[in-house]
Structures are given as structure tokens and as C-alpha cells.
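What follows is a single structure, written as C-alpha cells, with notes after it.
The values are calculated or read from the model by the stated rules, or taken from the named source; none is laboratory data. Predicted model, so just to flag it, every value in this text is computed and none were measured. Neighbour counts run over all protein chains shown; Cβ positions are idealised from the backbone, glycine included. The area values use the complete protein model at the heavy-atom level, side chains included, leaving out ligands, DNA and RNA. Shrake-Rupley method; radii C 1.70, N 1.55, O 1.52, S 1.80 Å.
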Amino acid sequence: MSPFNGSANGNGHSPTGSPLVVAEMVKEKIAILKREREAVILAHNYQEGAIQDVADFVGDSLGLARKAKATDAKIILFCGVHFMAETAAMLCPNKTVLMPDLAAGCSLADMIIPEQVRAWRVRHPDGVVVCYINTSAVVKAECDYCVTSTNGVKVLEHIPAEKEILFVPDYYLGSFLKAKTRRKIHLWKGYCPAHAAILPEQVDRLREEHPEAEFLMHPECGCTTKQMDLADQILSTEGMVQHVARSPAREFIIATETGLLNRLRTQHPDKTFYPASEHATCHHMQRNTIEKVFMSLVKLQHVVTVDPQVAKQAIVPIQRMLEIV
Ligand code: 13P
């Protein structure tokens with residue numbers, strides 16, 4: 001049964017109005033609860049439009065981490081995936097961090113565990129371990145530096161040139177950084193299944209069909225090196241949002257999770273966006289729904305915590321990154 005007064009009649013329609021009216025009612029209730037709870041809602045660019053509408057801030061992993069750190073709200077309701085909420089919990093140890101659905105994980109983050117980082121370090125004792133922010137807190141606790149899709153090059157510039165780098169877990173972001181920095185980087189072979197759904201031949205076809213379109217690609221993209229060379233820009237999700245706002249182009253091929261297109265289309269109704277693949281969807285992100293956001297604020301669920309011993313170590317690579325960029 002729906003928790004929303006007047007909305008539950010079994011067919012998804014409200015006795016008092018259409019589903020659209022119900023959706024607006026839910027958003028109003030969330031706004032009231034948010035004030036009562038002294039909560040802030042942070043949402044990732046991939047979240048559905050209804051969630052982005054009620055969020056106080058929508059952004060990429062780096063932007064969200066910074067907002068979490070800066071907020072004076074008592075509660076952070078994090079609409080994203082688990083590693084993002086864990087990062088917020090470590091940056092804000094005195095705040096309550098909630099997620100609408102604790103099962104919203106990250107398949108890429110799950111591709112490495114702490115024991116594997118330790119074993120890799122044994123084989124490269126002088127290596128510096130750099131982790132993508134898409135890692136669990138227990139993995140971050142084994143690493144030296146953290147990066148996001150926005151700041152990898154800048155962070156790597158702070159690591160002495162003679163040091164070899166062990167990069168976990170995303171092979172494609174690591175390859176991009178390797179090409180950009182020409183550093184000796186060993187790559188873990190993890191990947192994001194949503195980005196891997198974007199196939200080079202689909203991109204080739206779209207580029208042929210829309211020769212005027214700019215091709216924007218996320219560095220996690222499981223495309224070949226050839227696609228990396230062809231991309232007009234390789235950017236984080238927020239980098240894409242900013243680039244589209246600046247660009248005179250009218251059409252864009254977007255190679256990342258399809259959720260981002262909602263934000264782009266809302267902000268630029270005059271521009272046209274083609275997803276590089278309709279199948280590039282993150283099922284974890286989609287676990288979060290507007291109803292679960294509401295229930296999170298009603299019940300103050302689901303609290304995300306990190307073991308204090310783990311947090312003490314895992315915060316180190318995160319703080320190093322935030323000091324650099
Ligand atoms: P961004 O930091 O670019 O938003 O990417 C986060 C992410 O998890 C992509 O899959």
C-alpha cells in the first residue's frame with residue numbers, strides 16, 4: 001500500500017487526481033519533511049528526474065562529496081550508490097547519512113576486495129595505489145590516493161614521476177589516465193557493466209547518422225581505444241553538463257548511463273541528445289525511487305555507517321584528493 005494519503009487505490013491513480021498530481025503531492029511532502037528533519041538531499045546525475053527535482057544538489061561524485069562535506073544539515077539523504085554514501089559518512093562523521101535503498105551498490109566497486117589490493121601491493125612494493133572513488137570504504141582503506149572521473153590527471157601529477165602506479169578498479173578510467181599522463185600505470189581489470197553496454201559499432205552508426213553531433217564520452221566507457229581517440233571530449237557526468245552548456249553544438253551523442261540525459265534534456269530543451277546506448281542503465285541507481293526517498297525521511301532509514309577503524313584509514317586517500325582539487 002502506498003504511504004501517500006489519497007494515492008493508493010490499487011491502480012496507481014489517486015482518487016484526488018492523476019499520477020502527475022500524486023507525484024507533485026509526494027514532492028511537496030518531501031519538501032516539508034526535509035525542513036522538519038533538517039535534511040539535505042544530494043542526488044547523483046544518474047538518478048531519475050523526480051529525485052533530481054527534490055534534491056538540493058545534483059552532481060557528479062566529486063561535487064557530491066564536496067557538498068556533503070560542506071553542508072550544515074543534520075541529515076544527508078544520499079540518492080546515489082553505496083560507495084558515495086559511505087564517502088559522505090566518512091567526511092561527515094557527526095551527521096546521519098541515509099540512503100533510500102541500501103541495496104543500491106556498484107558492480108564496479110564490487111570488482112575488487114581489500115585482500116586483492118594487499119596481494120597486488122606485495123608484488124609491487126614500491127607502487128602507489130590509486131583508487132577510483134567507485135570503491136568500498138574497506139578497499140579505500142588499503143589505498144594511497146583517491147580520484148574521481150573529474151580529477152584523475154591532477155591527482156596523479158602529485159605522485160612523484162618515478163613511482164609506478166597501481167590503479168583500481170576501473171580498467172578504462174585507468175587506461176585514459178595512462179594515455180593522458182604517460183605514467184607507468186598497472187591496471188586492474190574491473191569495469192562498469194552499464195558503460196560496457198555501449199558498443200563501438202553503435203557509436204560508429206550514431207556518428208554516421210548525426211555527423212554534426214558532438215560525441216561526449218565518460219572515461220568509464222567500455223569502448224575501445226579507437227573510440228577514445230574519436231571522442232570530442234572525455235568527461236565526468238558533471239563535465240558533460242558543463243560542456244553542453246558552453247558548446248554551440250545543437251546535437252550530442254552521450255556515452256554514459258542514460259540517467260544523465262534527463263538532466264541534459266531538462267536544462268537544454270532546445271538541444272538534442274542521443275544516448276550512445278539505450279541499454280546503458282545502472283540498475284543499482286534505479287533502485288532509488290521517489291517513494292523510497294519519501295520513506296527514508298519518514299522513517300529515517302537506511303542509515304549508512306563505516307566502521308571507525310576502517311574510516312580512519314579510508315579517509316586518508318579521500319582527504320588527499322580533496323586537498324589537491
Ligand atoms: P561521475 O563522477 O562522472 O558522476 O561518475 C560516477 C559514476 O559512478 C559513473 O559510473
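What the table shows:
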{"item": "Number of positions in the stretch 23-48 that are open to solvent by less than 20 Å² (accessible area, probe 1.4 Å) and not in a strand (DSSP E or B)", "result": "4"}
{"item": "Hits in the stretch 189-223 (condition: more than 16 Å from the ligand (Cβ to nearest atom), within 22 Å of the chain's Cα centre (by Cα), of a type outside the set (K, R) and open to solvent by 30 Å² or more (accessible area, probe 1.4 Å))", "result": "L199"}
{"item": "Members of the stretch 268-297 found to be within 16 Å of the ligand (Cβ to nearest atom) and farther than 20 Å from A231 by Cβ, listed by number", "result": "T281, C282, H283, H284, M285, Q286, R287, N288"}
{"item": "Scan of the stretch 61-83 for residues that are touching a strand residue (DSSP E or B) at 6+ places or on another chain (Cβ under 8 Å) and open to solvent by 10 Å² or more (accessible area, probe 1.4 Å), ordered by number", "result": "S61, G63, K67, T71, A73, K74, I75"}
{"item": "Residue that is more than 30 Å from P211 (Cα to Cα), without any contact (Cβ under 8 Å) to a residue 40 or more places away in the chain and open to solvent by 60 Å² or more (accessible area, probe 1.4 Å), where the choices are Q267, Q286, Q309", "result": "Q309"}
{"item": "Breaking point among (1) within 12 Å of the ligand (Cβ to nearest atom); (2) assigned to a helix (DSSP H, G or I); (3) without any contact (Cβ under 8 Å) to a residue 60 or more places away in the chain, for L62", "result": "(3)"}
{"item": "Complete set of residues in the stretch 122-173 that are part of a loop (DSSP other than H, G, I, E, B) and either open to solvent by less than 20 Å² (accessible area, probe 1.4 Å) or at positive phi (or both)", "result": "G127, I133, N134, T135, A141, C143, T148, N151, I159, P169"}
{"item": "Index of the failed condition, Q242 passing every other in (1) without any contact (Cβ under 8 Å) to a residue 40 or more places away in the chain; (2) away from the ligand (no atom under 16 Å from the Cβ); (3) open to solvent by 20 Å² or more (accessible area, probe 1.4 Å)", "result": "(2)"}
